[in-house]
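The next block holds one structure in the form of structure tokens; read it before the comments.
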Amino acid sequence: SDWPLARRRPRPPPRAYAMDRFFVKRPTPADASAAGGAGGGDVGDAAAKRLRAGAATDAGGATGGGSSSTPGVGDPETIISWNVNGLPPQLKNAWSEFRSFLEKERPDVLCLQEVRMAAAGPRGCKRGDGQRRRRGEPKCDTPQERSDWQLVQSTFLAAVGSDYSVYWSLADWKYAGTAMLVRKPLKPSRVSYTLPAFAQEGASSLHQDPADKTCHPEGRIICASFQSFDLLATYAPNNGNDEAAFARRAAWDSALSAEVKGRQRPLVWVGDINCAPEPADVSHPEWFLQQCYQGDVEDMCGQPGFTPGERKRYLSILEAGRLVDSYRRLHPAAEPPPAGGPYYTWRGHPPVHQPVAKYHGKGMRIDHCLISEELLPRLKESSILGHSEGRIGFMGSDHCPIRARLVHAEDKMGCTSAAPPSDSGNGSDGGDVVTVES
């Protein structure tokens, strides 16, 4: 190489802060080439078509809105859920840590929320235009979109290889979106990308795709039917700070309440549910109640995710569906645990370019694994895999992964037993781990 020596020196590892995505250098052709991608420049229509053609294959053949007609094979035992806060930025900034996590954990199912990759659609399609999208396929129309997808292919999808089937549910633009990876030979009998309560006549249009009622328009839902239970992974909309946002979240909660009430099969529901239901689920309860909206709608006052109205609806959903908060069942708490321990799934970012960050040192438990009461005898573990003000184990996101383990139906061992949580560990070892007594 004839590059200057300074250009050839190893770069220091990036700081794994979620806000860093706003300060990352835009990729150059050389960067993309080094990552095995097509580069940051315009690679032309032919290359874009190749990317689109390969998307479904790399995604295990799954496309948004589709379902498998073959019989389900097996039940997952280890399920991990993580709000990645933008998949391409985290792969750019924290891929080494994420790869080590995947190699160590090797979950049966990995559910990702907020992947923030736009769905493919007609050329020139824009947010909210009502045109039909291919929600299992990424949009690769612009140089940045092609660069992002090449990064996903050359890192994340290359690492999981042929071991997993990958199901995407993407939004109209780089917003929200979810993914579910299922380890082979596990195979769901059906995968859906919305729920009947959202798609039925008379349901709120806020959560319906006008061009395709088989999908949520923002890619917030993936539901897979396994041998003995359904696995629902969701990314709930934030409650926001105005009445329009309140109505959007209320419509979401209402549909989910109706959905879980009428289900015929046992359910495991994971994801960023965006609600901390009790004071013990936030590090500073009184402080959070004084944040954000403080208007006339009293039950919406406070930090989104901790308002009285959201918490009441969350508990009513659990009651309607006979669901149990697996983490809280194994780790009872009446008061907020220490702020630095592995007790909160979301944490405020540290100061980056300012002396003080308002939410630094504070946390909320808003990512959950909820299970049907009849699955309790199979519950082996429910863990939070990150801790501390420095967001150890968060891998660049503002959320850390959560992990649940269920024994197979034929191996169930009776009741679970709770052990005191530990503050020790780093990343995946930093979670609270509870095992079934033999």
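Given H placed on each backbone N at 1.01 Å, which residues far from GLY363 in sequence or on other chains put an amide H within less than 5 Å of it?
Residues meeting the criterion, in which the H sits 1.01 Å from N, are SER283, HIS284.
For the range 350-402, build the charge dipole from Cβ charges (+1 Lys, Arg; -1 Asp, Glu) around the Cα centre, then report which of LEU376, PHE394, GLY361 sits farthest towards its positive end.
With unit charges placed on the Cβ atoms, the residue in question is GLY361.
Please work out how much accessible surface ARG405 shows to a 1.4 Å probe, ignoring ligands, DNA and RNA, in Å² rounded to 10.
60 Å²
How many angstrom separate the Cα center of the range 357-380 from the Cα center of the range 135-184?
Measuring centre to centre over Cα atoms gives 26 Å.
Let me check something: with ligands and nucleic acids excluded, how do TRP168, TRP95 order by accessible area (1.4 Å probe), largest to smallest?
Result of the area sort, largest leading: TRP95, TRP168.
Just the accessible area for CYS215, please: 1.4 Å probe, Å², rounded to the nearest 10?
For CYS215, the solvent-accessible surface is approximately 0 Å².
The values are calculated or read from the model by the stated rules, or taken from the named source; none is laboratory data. Here the structure is a predicted model, which means the values were calculated and not measured. Cβ: placed from backbone, ideal geometry, glycine included. Neighbour counts: every protein chain shown. Only protein heavy atoms, including side chains, enter the accessible area calculation; ligands, DNA and RNA are left aside. Shrake-Rupley method; radii C 1.70, N 1.55, O 1.52, S 1.80 Å.
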